[in-house]
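Enquirer: My questions all concern the structure below.
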């Protein structure tokens, strides 16, 4: 039975700053995950999206994992454009509370995401939500179809993409997928089994390996 592992990228920069690069903690998380998951060997495929933080995660993972196949880039695994989601919400009059707090921003971002997913304002976004969901599903389905019995693939990607894949596998709503995204940890591992013409979510957001080292358990 083929297996696909989806690994969320390591901790990156500031959400509204230079987010598309790993922090030093992010590199440490990816290398630690590679060392802790050597039992997955041999890997048949090693992929990532084309975003810098995804590519750096795959490369750092491979440094400690051991022998890996050639790193392949597939932009369908790229994260959604969170900046456009935020900017479109602001332009529509949705604003975060004046008092700065994590809960306040989370509430605002949830509203911004729900507006994007509603499909009522697709023209406001470079990539409408339906297009993003279809892209993530296509990436997963294509990869699953390319694997033979007993083969294993690992993809370094992002929380939104992993949540979109879970939406397909579990039949959950966009809002439920967004909620799932909020608990996916950096370096967390999600396992999907492929067989008999279907894909099954076997393990979601494995994170115990990140709790063995101080400072490696993050959500950013």
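The values are calculated or read from the model by the stated rules, or taken from the named source; none is laboratory data. Values in this document were obtained by computation on a predicted structure and should not be read as measured data. Positions of Cβ are backbone-derived with ideal geometry, glycine not excepted, and every protein chain shown enters the neighbour counts.
Enquirer: Could you please let me know if residue 144 is touching a residue at least 40 places away in the same chain (Cβ under 8 Å), buried (at least 17 other Cβ atoms within 10 Å of the Cβ), assigned to a helix (DSSP H, G or I) and assigned by TED's automatic domain parsing to the domain that holds residue 95?
Expert: On the way: touching a residue at least 40 places away in the same chain (Cβ under 8 Å): yes; buried (at least 17 other Cβ atoms within 10 Å of the Cβ): yes; assigned to a helix (DSSP H, G or I): yes; assigned by TED's automatic domain parsing to the domain that holds residue 95: no.
So residue 144 fails the test.
Enquirer: Kindly indicate whether any position in the stretch 96-114 is outside any helix (DSSP H, G or I), more than 30 Å from residue 70 (Cβ to Cβ), touching a helix residue (DSSP H, G or I) at 6+ places or on another chain (Cβ under 6 Å) and not assigned by TED's automatic domain parsing to the domain that holds residue 45.
Expert: Our first condition is that a residue be outside any helix (DSSP H, G or I); within the stretch 96-114, this holds for 96-101.
Filter once more, so that each one left must be more than 30 Å from residue 70 (Cβ to Cβ): 96-101.
Filter once more, keeping what is touching a helix residue (DSSP H, G or I) at 6+ places or on another chain (Cβ under 6 Å): 96-97.
Then drop every residue that is not not assigned by TED's automatic domain parsing to the domain that holds residue 45, which leaves 96-97.
Looking through the stretch 96-114, at least one residue is outside any helix (DSSP H, G or I), more than 30 Å from residue 70 (Cβ to Cβ), touching a helix residue (DSSP H, G or I) at 6+ places or on another chain (Cβ under 6 Å) and not assigned by TED's automatic domain parsing to the domain that holds residue 45.
Enquirer: While we're on this one: Could you list, in sequence order, all residues of the stretch 1-22 that are touching a residue at least 40 places away in the same chain (Cβ under 8 Å) and crowded, with 18+ Cβ neighbours inside 10 Å?
Expert: 2, 3, 4, 5, 6, 7, 8, 9, 10, 11, 12
Enquirer: Quickly run through the stretch 37-95 and pick out the residues that are in a loop (DSSP other than H, G, I, E, B), closer than 23 Å to residue 24 by Cα and in contact with a helix residue (DSSP H, G or I) (Cβ under 8 Å, 6 or more places away or on another chain).
Expert: Narrowing the stretch 37-95 to residues in a loop (DSSP other than H, G, I, E, B): 37, 41-44, 49-51, 66-70, 74, 78-81, 92-95.
Now narrow it down to the ones that are closer than 23 Å to residue 24 by Cα: 37, 49-51, 66, 68, 78-79.
Those that are in a loop (DSSP other than H, G, I, E, B), closer than 23 Å to residue 24 by Cα and in contact with a helix residue (DSSP H, G or I) (Cβ under 8 Å, 6 or more places away or on another chain): 37, 49, 50, 66, 68, 78, 79.
Enquirer: Go through the stretch 76-108 residue by residue and tally those that are in contact (Cβ under 8 Å) with a residue 24 or more places away in the chain and surrounded by 11 or more Cβ atoms within 10 Å (Cβ to Cβ). Give the steps one after another, and end with the answer.
Expert: Quick first cut of the stretch 76-108, residues in contact (Cβ under 8 Å) with a residue 24 or more places away in the chain only: 76-86, 88-89, 91-92, 106.
Checking the rest, the ones that are also surrounded by 11 or more Cβ atoms within 10 Å (Cβ to Cβ) come to 76-86, 88-89, 92, 106.
Of the residues in that region, 15 qualify.
Enquirer: How many of the residues in the stretch 92-102 are over 23 Å from residue 123 (Cα atoms) and more than 22 Å from the chain's Cα centre (by Cα)? Even if it seems obvious, please write down each step before you answer.
Expert: So in the stretch 92-102, the residues over 23 Å from residue 123 (Cα atoms) come out as 97-102.
Next, only the ones that are more than 22 Å from the chain's Cα centre (by Cα) stay: 97-101.
Residues meeting the conditions: 5.
Enquirer: Any residue that is surrounded by fewer than 19 Cβ atoms within 10 Å (Cβ to Cβ), touching a helix residue (DSSP H, G or I) at 6+ places or on another chain (Cβ under 7 Å) and within 22 Å of residue 40 (Cβ to Cβ) - is there at least one of those in the stretch 158-176?
Expert: no
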